[in-house]
1. Quick one: with all protein chains in place, what share of the accessible area of the chain is carbon or sulfur, to the nearest percent (1.4 Å probe)?
2. Would you work out which of His20, Phe70, Pro171 lies farthest towards the positive end of the dipole of the chain? Charges go on Cβ: Lys and Arg +1, Asp and Glu -1.
3. What are the principal axis extents of the Cα atoms in the chain, in Å, biggest first?
4. When the Cα centres of the range 155-170 and the range 1-51 are compared, how far apart do they sit, in Å?
5. What figure, in Å² to the nearest 10, do you get for the accessible area of Ile144 with a 1.4 Å probe and non-protein molecules left out?
6. Which FRET efficiency value, to the nearest 0.05, is calculated for Lys108 and Thr47 with the Förster distance at 22 angstrom and r the Cβ-Cβ distance?
7. Quick check on the range 134-199: take the gyration tensor over C-alpha atoms, sort the square-rooted eigenvalues as a ≥ b ≥ c, and tell me if it's rounded (a/c under 1.5), prolate or oblate.
8. Rounded to whole Å and ordered largest first, report the semi-axes of the equivalent ellipsoid of the range 73-184 derived from its Cα gyration tensor (root of 5λ).
Amino acid sequence: MGKRGLFDLERHFAFYGAYHSNPTNIFIHILFVWPIFFTALMLFYYTPSFYSFPKCPCGFNTGLVLNFGFLFALLYAVFYVLFDKRAGSLAAFMCFLCWVGASVFAFKLGWTLTWKVVLAAQLFCWTSQFIGHGVFEKRAPALIDNLAQAFLMAPFFVVLEILHALFKYEPYSGFHANVKARIESEKKVWQDKKEKKSS
């Protein structure tokens with residue numbers, strides 16, 4: 001049975017799914033959401049740190065530090081586990097890998113090159129996202145209506161989409177049927193509002 005309130009995964013997934021029903025837009029979303037998260041962590045690597053990990057015994061310096069980037073990844077990871085233990089644990093592990101990878105990349109590239117790489121990647125990924133919505137979905141992105149919910153749910157939405165497509169996974173029995181019904185309901189409300197504005 002699903003949770004209620006803040007951790008009502010059905011509600012969050014339906015909200016996001018209502019903005020991502022076109023297959024091409026979903027594919028674009030799957031391709032570019034995690035790179036946005038990864039490169040954001042690269043930028044956050046240069047926020048003030050409160051702990052630096054020592055060098056490996058072999059002498060290799062990973063550059064790993066606990067800072068805002070780590071807290072950002074940790075926040076996402078905790079939320080995902082609270083949403084759903086199984087898929088959430090996988091998403092949390094991916095958040096951890098992104099934090100490690102982004103930290104190592106940023107450390108090796110240095111600030112001068114890092115911000116250029118991040119800027120180019122973010123511009124490309126976000127442009128692709130807006131094209132997906134404007135050309136294929138023909139609806140504004142979810143962040144227009146709920147910025148925090150859209151940013152928080154985007155990476156987890158991708159994980160759940162892939163797990164369901166490959167393994168027919170759902171957090172509990174009937175989850176996707178319930179979400180589909182909610183999505184259709186939300187899309188109908190949106191269509192009604194759109195028709196009223198145009199009339």
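1. 71 percent
2. It is His20, whose Cα lies furthest towards the positive end.
3. Reported extents, whole Å, longest axis first: 64, 37, 28.
4. Between the Cα centres of the range 155-170 and the range 1-51 lies a distance of 13 Å.
5. Answer for Ile144: close to 100 Å² accessible.
6. Given R0 = 22 Å and the Cβ-Cβ separation, E is 0.80.
7. Prolate is the answer for the range 134-199, as a/c is 1.5 or above and a/b outweighs b/c.
8. Square roots of five times the eigenvalues give 28, 21, 12 Å.
The values are calculated or read from the model by the stated rules, or taken from the named source; none is laboratory data. Computed from a prediction, not measured in an experiment: that's the story for all the values here. We place every Cβ from the backbone using ideal geometry, glycine too, and count neighbours over all the protein chains shown. SASA here: full protein model, heavy atoms, side chains in, ligands and nucleic acids out. Shrake-Rupley method; radii C 1.70, N 1.55, O 1.52, S 1.80 Å.
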